[in-house]
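Read through the structure below, which is laid out as structure tokens, and then see the notes.
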Amino acid sequence: MANAKTQEAGARDVVERSRLGDQNAVAIIRDVAKNAAAGSPKAKTAYAYIEDYIKAHPAPSKFSAEDGQKLGVLKALDKNHPRVVVPVLMSLPESGNTDLINTASVMLAQTKPWNTNKVKAVAGCFDGENLEIFRFGFESGSNSKHLRQATAQMAPAQIGVLCCGHCVGMARKLQLARLPQVPVSILGDMIGWEMGC
């Protein structure tokens, strides 16, 4: 019985540490899952405890149901017309949740490559001053201070346009940063500095 309690405590510990971003805990869970799939009896038992803990204690969501619907539109980006996607991206700042904007950028980066034509299709939804705001957001990278300064002088609709450009620009930069010949500093000067690039 003590062994079961120890395994339950271990599962709780590794799951909660992984939720806090502990990369060692994430690697442990990944290895246990891999070994369980390969047929290791110990790993199967350990993974069952991990799964049981996750089912009994789901991670709290940072997003509302409406946020989840918006992310669903972005996840299916390649099936949706830019005129469907752009209003969703423009509405993200209304939530006040920067995690939602960061998540949107990452989800967009998981779609087909953001080549020039794909970017132009989204940019084509804007004209005049809004097109310039979109371009500014697109080029801004991860410089949140730069973005905050810009939004302090903008109306809510313009902030939405800036967010749209920022999300598309970050998605493209995330895709490019995965390429071996592109330095990670493409994501932003501070990221490059922190990574020694």
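Values quoted throughout were computed directly from the atomic coordinates according to the rules given, and no laboratory measurement underlies them. Just so it is clear, the structure is predicted and the values come from calculations on it, not from any experiment. Reconstructed Cβ throughout: ideal geometry from the backbone, glycine too, with neighbour counts over all protein chains shown.
Starting from the Cα-Cα distance between Ala33 and Ser61, subtract it from 0.36 nm times their residue separation and give me the gain in nm to one decimal.
Length gained, Ala33 through Ser61: 7.8 nm.
Which one of Lys79, Lys42, Lys118 has the biggest mean-square fluctuation once the chain is modelled by GNM with Cα springs under 10 Å?
Lys42
Quick check on the exposure proxy: order His57, His166 from fewest to most C-beta atoms within 10 angstrom.
Placing the least packed residue first, the sequence is His57, His166.
Angle, helix 65-75 long axis vs. longest principal axis of the chain, Cα atoms, 0 to 90°, nearest 10?
80 degrees
Give me the dipole magnitude in Debye, nearest 20, for the chain about the Cα centre, with unit charges on the beta carbon: positive for Lys and Arg, negative for Asp and Glu.
Dipole size: approximately 560 debye.
Taking the Cα atoms only, what angle lies between the long axis of helix 82-91 and the longest principal axis of the chain, rounded to 10 degrees?
Roughly 80 degrees between the two axes.
Using Cα pairs closer than 8 Å and at least 6 residues apart in sequence, work out the relative contact order for the chain, in percent.
Dividing the mean separation by the residue count of the chain yields 17 percent.
Using the basic label-point model (7 angstrom from Cα toward the beta carbon), what is the Asn97 to Asn80 distance in nanometres?
1.5 nm
What aspartates and glutamates sit close enough to Lys75 to cross-link, taking a C-alpha to C-alpha distance under 20 Å and skipping anything fewer than 8 places away on the same chain?
Within reach: Glu66, Asp67, Glu94, Asp99.
Projected onto the charge dipole of region 2-56 (+1 at Lys/Arg Cβ, -1 at Asp/Glu Cβ, origin at the Cα centre), which of Leu20, Ala33, Thr6 gives the Cα projection farthest towards the positive end?
After comparing all options, I get Ala33.
Please identify, among Gly128, Gly39, Gly169, the residue showing maximal mean-square fluctuation in a Gaussian network model of the chain using a 10 angstrom Cα cutoff.
Answer for the Gaussian network model of the chain: Gly39.
I need the phi-derived Karplus couplings for region 42-55: 6.51 cos²θ - 1.76 cosθ + 1.60, θ = phi - 60°, integer Hz, Gly and Pro marked x.
5, 5, 4, 5, 4, 5, 4, 5, 5, 4, 4, 5, 4, 5
Which value at 222 nm does the chain reach when only helices count, each DSSP H run of 4 or more adding -39,500 (n - 2.57), with the total divided by all residues and rounded to the nearest 500 deg cm²/dmol?
-22000 deg cm²/dmol
Under the Karplus relation 6.51 cos²θ - 1.76 cosθ + 1.60, θ = phi - 60°, what is the ordered set of whole-Hz ³J(HN,Hα) values for region 17-27, x standing for Gly and Pro?
5, 5, 5, 8, x, 5, 5, 5, 5, 4, 5
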